[in-house]
Amino acid sequence: MRGLKQLVIVIFLLLGVILQSCGSPTSGLNRYVDTANGYEFLYPPGWVQVQVAGGPAVVFHDLIETTENVSVVISPIAPGKSLSALGTPSQVGQELVKRALQPALTARSTPEAPATIELVNAAAHEAEAKTYYLLEYAVDRDGQKRHNLASVVVSGNRLYTLNVSTSERRWPQVKTLFETVVNSFAVS
């Protein structure tokens with residue numbers, strides 16, 4: 001009888017640990033903190049930081065699916081400018097396409113297969129007294145379809161953009177994970 005009680009206790013403890021780890025969408029994710037630039041975010045295990053000369057402030061990519069990545073770009077903006085002063089989520093999303101994303105894609109595409117990028121969704125949310133715009137893009141470059149999520153926020157005189165990207169083939173598998181990563185982005 002005593003052995004049965006111990007077995008039941010062990011089973012309940014194991015179930016508690018398993019359920020607790022399943023209950024949190026951030027379980028198992030790594031935290032990246034840049035105290036110098038005042039931002040942080042979560043990223044998946046198995047991703048490594050890579051250096052990109054003249055590129056984003058930080059880039060991580062998956063070791064296996066090397067085209068899956070998360071990056072942060074920091075851009076200066078006019079003093080005292082707020083995110084809402086830059087426009088609505090859709091307007092800011094379209095401006096990012098026009099000024100940053102499309103030119104970068106076009107530079108790497110061919111005339112036979114021009115790159116396209118489409119803003120699929122744009123929304124705003126508040127966190128820690130800051131407004132964040134959440135943007136979703138469909139990208140097609142040289143017949144390679146990709147899915148990107150971005151979080152945009154203003155802090156001080158800087159515009160912070162976190163972008164996470166994957167192939168359209170992998171999107172259904174990583175959608176929830178990538179939404180967690182984008183929603184974890186925070187600036188001080």
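Some notes on this structure:
- Residue pairs meeting the criteria (Cβ under 8 Å; at least 6 apart or on separate chains; first modelled with pLDDT of 70 or more, in the range 92-110; second polar (S, T, N, Q)): LEU96/THR161
- Check on GLU128, among the acidic types (Asp, Glu), closer than 23 Å to TYR39 by Cβ, at pLDDT 90 or above and touching a Leu at 6+ places or on another chain (Cβ under 8 Å): no
- Counting only residues that are of a type outside the set (Val, Ile, Thr) and either surrounded by 11 or more Cβ atoms within 10 Å (Cβ to Cβ) or in a strand (DSSP E or B) (or both), the range 64-80 holds 6 of them.
- Test: residue in the range 122-134 that is open to solvent by less than 60 Å² (accessible area, probe 1.4 Å), under 26 Å from ILE64 (Cβ atoms) and assigned to a strand (DSSP E or B): no
- Any hit, the range 21-33, residues being β-branched (Val, Ile, Thr), modelled with pLDDT of 95 or more and part of a loop (DSSP other than H, G, I, E, B): no
The values are calculated or read from the model by the stated rules, or taken from the named source; none is laboratory data. Bear in mind that the values here come from a model prediction, so they are computed numbers and not experimental data. Please note: Cβ atoms are built from the backbone with ideal geometry, for glycine as well, and neighbour counts cover all protein chains shown. Surface accessibility is based on the protein's heavy atoms, side chains included, excluding ligands, DNA and RNA. Shrake-Rupley method; radii C 1.70, N 1.55, O 1.52, S 1.80 Å.
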